[in-house]
Every structure is written in C-alpha cells, then in structure tokens.
Amino acid sequence: MPKISDPITIRNMEVKNRFGYPPMVSGSHDSEGRPTEAAFTQYELKAKGGVGIMTYEASQLDTWLRGPGMTGPNIGRAENVPAFKKMTDRLHQHNVKVGMQMNKVGMISYTFGAMANFFGLPSNIGPSSIDLEHATSAWALMVPTWSDTIKNNNLKIKELSVEEIDQIQDLYASGAKNAIDAGFDYVMVHSGHGTLPQSFLTPYFNRRTDKYGGSVEKRCTFIKETVGKIRKSIGDEPPILVRFSADELVHDGNKIENSIEIAQNMEKAGVDCLDITQGIILRSPFGITIPSYCKPGCFIHLPEEIKKHVDIPVMGVGGVNDPRMAAEFIEQEKCDIINMGRQLICDPETPNKYFDGRIDDIKRCLGCLMSCGTCVYDAYSGLNYQELTPSAEKKKIVVIGGGIAGMEAARLAKLRGHEVELYEKSKKLGGLIPLLAKEFGKERYIQISDFLETQLKKLNIPVHLNKEATKDEIAFLNPDILILATGSEATIPVNLKGKANVLTQDESILKNKDLGKDIVVWGLNAYWRGGLESVVSLAEEGYNIKAFIGSEAAVGQVIASAAGRRFWIMRYLRDLKAPIYTNAKLLDVTDEGVKFLDKDKNEQFIEADSLVYCGSRIANGKALSEIFEGVAPEIKLLGDCNRPRDIQAAMTDAQKYIRSLK
C-alpha cells in the first residue's frame, strides 16, 4: 500500500513524496514575463513547506505578449531563461522537483480581454468557429451585459489552419526547450480548463473534419503531435506531463468515458504523467476555482478512474484541504500524487506539519475564494509574505471580544512577546463565524475559528468566557493597550422594527423566530453584506423563496472575483427560478407580504409570510471606547467593532495593528 511519504518516479525523475503543488495563477511577474521578488517568495514558501513536486503556473509562449497589465510568466522568450534559472536554483535548494506549465493564449485570453473592454488581443483562435456566447455560458450567466458585448463588438472565434496549428506546436517545442534550459525538471502542457489544447479535445469546441477533429482519437492529434515535437526539442531525459479536464462539467463536453480514451492516447504518445483536473473556466468555473459548496476531494473519482486504464503516474486535484484526506486517497490508490493548490496557498507548511504530526497547527482552506494570492487567514502570507518578528517593547494587552479579529490579535501579540489576556461575554469563541458556518455549504468556515482557538490554548493565553468585563475590572488590570473587538450586530430599517415577520439574517440562520413558509429575502450582495448565500440556505432547508430583492445593481458583486463560487450560486438561483429585483427600494412589510419599488419605480407587492432583511450591520465600537475611556493609554478598535466588513478585513485589521507595535 503506497504512502503519501513514499517517493515516486516519473520517467527517470524521482520525487521525494506524493504532495504536489499545481500551477496556480499568481500575477507576480513583470511586464516582460519574468518573476518578481513576490514570485520568488511565494514559490519558495511552498518548497520550504515540504511539497515533493510543484508545477510553475501557466507560462505563455507568445513572444509578442508583453507590456503594462501583463502579470503572467512568459517562457516563450529565450531572454527570460536566466531569470527563471534563478527561480529553479532557489527552489532546488529544498529538494523539490519543479516543472513549467506551458500555455498558448486563446479563447480564454480573448474573452477576458473583451470583458475588460480590450479588444486588441490576437487570440480569438480555436480549432473551429463556434457560437461564442454558448462557449462562454458562465459569463452569460454572471454578467447580464456579456451577450451585448459579443454582438456589439462582433466577437468571433477564428478557425486555425493546418499551417497555423503547426506553428503553434513549434511554440510549445521551443518554449519547452527554454524551460529545460532554465533548470526546470519537467514540462507540462496545459490542456485543461478550456485552454487551446483542450479545445481540440472538446467535442463542442472542435467541429473539424480533417485529421484534427471527429473521433476521440482524431481530437487527440493536436496534443499527440505537440508532445512529439516537445520530446525532440528537450531530449530523452525530462518528463513530459499533460494536464487535462477529465470531466468538463457541461452536457456537451468530455465526460470520464471519453477521457479514459484520451488518457490512453496520451500515454501512447509518450506522456509520462497525467494531471487530472476538471471544468472549463468559461463554462464551469466551479470545477477550477472550487467553492465551499463542493466538498473537499469531490473530484477524486476522476483520477481514480483514469488510473485504472493507464500505466503512467496520475495526479489528482479538487479542493483537498486536509493532508489526512490526501494521505488516505494515496493509500486507496485513487491517484499517485495529490495536488493541493489553495490549501498550500493557505498554509504552505501543510506537508511538513503533517509529517511532524502537527495537524492542529494547519490552517485549512475555507473555500471562500476571496483572496488566493494572499490568503484571508493572513494579509502577510503568499505574495505579501513578511516574517513576524519579536517586539522590542513588550506591552500588556487586554482584548475584549473573542471573534476572529480579537483572537488573531491575541495570537500575534503573544507570538511577538506581549502579555495578553482575552475576555468574551458569550460562552464560546468565534464571534460570527459559528453562525456563518451554519449556512448551507459554509460548514468549512468554522475551521478559521477552530484554528485560532487552538492556537490560543497552545500559547497559554488566558481566555475568560461568559465574562463581560467592566471598566473598573479592566482598569484594575492596568493594560498598556485595550483592544476592542466586539464585532457587529444585524439591524433592520427603523420603519420595520417591531414587526414580527421581519427577521435579520442572523435570526434566519438561528431560527429563533418563526419564518413561515413563503419568504422574501432582501439584500443582493453576499458575505454578510447581503442575502445571496442565505437564499441558498433557506431554499435548501425547504422554504419557498418568493423573491430576492435589493437596492444593488448586480447580484453578488462583492464576490465577483470568486468566479467558481459566484457561478455556483448564480446557477442555483437560475434553477430555483425565484424572481430577482435589482435597484429596488423597500417600502413596507405587512402581514400579507412585502411592498417595494422596482428599478422602474413601479410599486410591487409580493405575498409572503416573512422578510429576511440582509442589509448593513452596525458596530458599537465608538460607544464602547467612550465607556472604557481612560483605562489604558491606548484603546484600539479592530474588525467589525471598528467597521463591519468580512473575514479578510477582520483578520487584516488585527494583523496590521499588532505588527505595527514596536
């Protein structure tokens, strides 16, 4: 039975263990496509953390791709080789195998450019000319104006000629040679997620009738020829890997049955290892940027099935955020290597902590997708990494409030050498996090609270629960700094207060008031700034959502960058078929229902048993600071107590302040 600690050989390359870091876009390169210091730092963090194999993020092959706004790597230009050689030299110091993923710009870049009103990118290419709106159905769902953008700018996909295909394959061959010259141990062709190579594999994207289209075997011709040219270019030693989507998660794309045949074709073509992923970024991004609505490891059946039909190593990926789960998958032979992308962004030391038995010290990815360059856990991680150093001036710090801002402030202060004590008026720590984790698909959010609570115990920080400290009690402690981190409270408009059938978001989660059956939800945003996710939770609990209404112009704008999460929810709302009203004004709630003005200023009335109001929250920090005035030379408000926002803001507030202390 294989173990995750076992070495594995890919072609002639020995990897020290089965933990992998997959290619993850970081935006940390200069306008020429060379790594910046931020790139060096974030990659070296993963290498130091104990991972066995890591693949550098998708690197472009087009030599013309440069200039302001270009933040991705470029291995197509030979002049970039020395910069990447510095990268591989640093990473190899940590006994890790590192490869370069290669990518030719195509439909993804073309549509992303159009979304940003930049139409000059010559990347509107593909195996066939197809309906672009259908090919980008995820954007059509999330961006109401996308269809008009396509029509108004006459956006089209240009079918590649055989001569152009040959030229593109040559780009892969020369880029691979550059990568090996730069010291990379292997190369990987990105043929997943809707990239140009995958578009040849996909029946919808590929409608060709020549040798490059038709049967599964013919659709594999592009990748087989490309691999052959790469092998001639780099010689016999370095392994060639291919990443492809074994289930494209759309009805007219490849399913696992097709992908078994694709995998077998790739093995015959000389591919040394398969990195099995899923999804198409333009159609099913929830398989790529995987939200908490998908259970960790939910896609492991794909590499497991592929592995049964090939004799080369197979990598698996899919939101795995627990090394114990990863180890179990290896032991069950579901795959040979587990790639942990966002988990290793969240905590790059995950492998070492696992091998050392320090499971409680692992920060586990929440699946929030709100910040994957620097994790929401830590504003000074990843691309912004800064070492935490001891304070020169030790302070006595008292923290009031046991939410995540208060706990993080206490944890960091103790690590920097300060004397810390924490008071929480309720019977448990976590603030709003335990409430948030009660919502459907957000159970994993409790992990940030659990991590912090565990660390407070390990650091022996005195924590007083069920204790609402008075001014005299705090004054008696004689602190140098008093931190107020008492969070925020849900509220409703003044004209609706006292109405039994109007509930706050908190009350709808706790079910401490009767909701009835038919519900209207107010607030189109998400993440404690609206009811987007509460709609999903309430619908899953069996309530009938009569309407989703808000003053906002768009649904879930605050999570617009979290494509997989937003797409999953928007698809859910589409299937729910509940009417959505944007730019609305709430007028009144009666015993019979909800009255409001729609975006055209027409009065509407919807029969409902209750209204769940998911609007702004209120902070009591200013009033509280006045109560405690004079008990310490400095009083500091942190997190929602200062200004209600979200997890990332609360953690960042605490980290910035504690790091600012001398």
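The values are calculated or read from the model by the stated rules, or taken from the named source; none is laboratory data. Please read all numbers here as calculations on a predicted model, not as lab measurements. When we count neighbours, we look across all protein chains shown, and the Cβ atoms used for this are built from the backbone with ideal geometry, even at glycine.
Filter region 379-404 for residues that are assigned to a loop (DSSP other than H, G, I, E, B) and among the basic types (Lys, Arg); which is farthest from LEU477 (Cα to Cα)?
Filtering region 379-404 for residues assigned to a loop (DSSP other than H, G, I, E, B) gives 379-381, 385-395, 401-403.
From what is left, the residues that are among the basic types (Lys, Arg) are 394-395.
On the way: LYS394: 16, LYS395: 12 Å.
Among them, the one singled out is LYS394.
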What are the residue pairs meeting all of these: first residue in region 581-598, first residue of a type in the set (Ser, Thr, Tyr), second residue in a strand (DSSP E or B), Cβ atoms under 8 Å, and 6 or more apart or on different chains?
TYR581/ALA547; TYR581/PHE548; TYR581/ILE549; TYR581/PHE596; TYR581/GLN604
Could we say that VAL25 is in the same structural domain as ASN178 (by TED's automatic domain parsing), within 19 Å of VAL271 (Cα to Cα) and in contact (Cβ under 8 Å) with a residue 12 or more places away in the chain here?
no
Looking at region 294-311, which of its residues are surrounded by fewer than 19 Cβ atoms within 10 Å (Cβ to Cβ) and assigned to a loop (DSSP other than H, G, I, E, B)?
CYS294, LYS295, CYS298, LYS308, HIS309, VAL310, ASP311
When (1) more than 22 Å from PRO23 (Cα to Cα); (2) over 32 Å from the mean Cα position of the chain (by Cα) are applied to ARG219, the one that fails is (2)
Residues in region 62-84: is at least one under 30 Å from ILE359 (Cβ atoms) and not aromatic (Phe, Trp, Tyr)?
no
Does any residue in region 39-57 that is of a type in the set (A, V, I, L, M, F, W, C) come within less than 7 Å, Cβ to Cβ, of a residue that is assigned to a helix (DSSP H, G or I) six or more places away or on a different chain, and which pairs are these?
PHE40/MET87; PHE40/ARG90; ALA47/LEU91; VAL51/LEU344; VAL51/PRO351; MET54/LYS46; MET54/ALA47
Against the definition (modelled with pLDDT under 95, surrounded by 14 or more Cβ atoms within 10 Å (Cβ to Cβ) and either within 27 Å of the chain's Cα centre (by Cα) or not assigned by TED's automatic domain parsing to the domain that holds ASN339 (or both)), how does VAL98 come out, yes or no?
no
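Only one residue in LEU538, LEU503 is more than 21 Å from the chain's Cα centre (by Cα), of a type in the set (A, V, I, L, M, F, W, C) and surrounded by fewer than 22 Cβ atoms within 10 Å (Cβ to Cβ). Which one? Don't jump to the end; show me each part of the working.
On the way: LEU503 fails: surrounded by fewer than 22 Cβ atoms within 10 Å (Cβ to Cβ).
Answer to the selection: LEU538.
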Verdict on PHE628 being hydrophobic (A, V, I, L, M, F, W, C) and assigned by TED's automatic domain parsing to the domain that holds ALA409
yes
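Evaluate the following for ILE569: is it within 25 Å of the chain's Cα centre (by Cα) and not assigned by TED's automatic domain parsing to the domain that holds CYS641? Break it down into steps so the answer makes sense when it comes.
Working: within 25 Å of the chain's Cα centre (by Cα): yes; not assigned by TED's automatic domain parsing to the domain that holds CYS641: yes.
Judged against the criteria, ILE569 is a match.
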Can you find a residue that is of a type in the set (Phe, Trp, Tyr) and part of a loop (DSSP other than H, G, I, E, B) anywhere in region 355-365?
no
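Looking at region 513-535, which of its residues are over 29 Å from the mean Cα position of the chain (by Cα) and outside any loop (DSSP other than H, G, I, E, B)?
Step one: filter region 513-535 for residues over 29 Å from the mean Cα position of the chain (by Cα), giving 513-520.
Of everything in region 513-535, those that are over 29 Å from the mean Cα position of the chain (by Cα) and outside any loop (DSSP other than H, G, I, E, B) turn out to be ASP518, ILE519, VAL520.
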Conditions first: (1) outside any loop (DSSP other than H, G, I, E, B); (2) crowded, with 21+ Cβ neighbours inside 10 Å; (3) in contact with a Lys or Arg (Cβ under 7 Å, 6 or more places away or on another chain). PHE40 passes all but one, so which condition is the exception?
(2)
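For every residue, the table says whether it meets (1) crowded, with 21+ Cβ neighbours inside 10 Å; (2) part of a helix (DSSP H, G or I).
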| position | (1), (2) |
| --- | --- |
| LEU422 | yes, no |
| LEU429 | yes, no |
| ILE446 | no, yes |
| LEU452 | yes, yes |
| LYS457 | no, yes |
Which of (1) within 28 Å of MET54 (Cβ to Cβ); (2) in contact with a strand residue (DSSP E or B) (Cβ under 6 Å, 6 or more places away or on another chain); (3) of a type in the set (A, V, I, L, M) is the odd one out, the single condition ALA182 does not satisfy?
(2)
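For every residue, the table says whether it meets (1) touching a Leu at 6+ places or on another chain (Cβ under 6 Å); (2) assigned by TED's automatic domain parsing to the domain that holds GLY113; (3) of a type in the set (Gly, Ala, Ser).
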site: ASN258; (1), (2), (3): no, yes, no
site: GLN264; (1), (2), (3): no, yes, no
site: GLY270; (1), (2), (3): no, yes, yes
site: CYS273; (1), (2), (3): yes, yes, no
site: THR277; (1), (2), (3): no, yes, no
site: GLY318; (1), (2), (3): no, yes, yes
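I want to confirm something. Restricting to region 609-656 and keeping residues that are among the small types (Gly, Ala, Ser) and assigned to a loop (DSSP other than H, G, I, E, B), which single residue is modelled with the lowest pLDDT?
Here the answer is SER616.
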Please find, among GLY126, GLY120, the residue that is touching a residue at least 12 places away in the same chain (Cβ under 8 Å) and either in the same structural domain as HIS29 (by TED's automatic domain parsing) or within 27 Å of CYS273 (Cβ to Cβ) (or both).
GLY126
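Step by step: first the residues of region 579-608, then only those that are hydrophobic (A, V, I, L, M, F, W, C) and in a loop (DSSP other than H, G, I, E, B), then the one that is nearest to the chain's Cα centre (by Cα). Which residue is that? Spell out the reasoning first.
From region 579-608, those hydrophobic (A, V, I, L, M, F, W, C) are 580, 584, 586-587, 589, 594, 596-597, 605-606, 608; that's our starting set.
Subset that is in a loop (DSSP other than H, G, I, E, B): 584, 608.
Numbers: ALA584: 31, ALA608: 36 Å.
Going through the qualifying residues, I end up with ALA584.
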Tell me which residues, restricted to region 216-252, are exposed (fewer than 15 other Cβ atoms within 10 Å of the Cβ) and over 20 Å from VAL271 (Cα atoms).
HIS251, ASP252
Out of all the residues in region 459-512, which are in contact with a strand residue (DSSP E or B) (Cβ under 9 Å, 6 or more places away or on another chain), within 27 Å of LYS662 (Cα to Cα), assigned to a helix (DSSP H, G or I) and of a type in the set (A, V, I, L, M, F, W, C)?
ILE474, LEU477
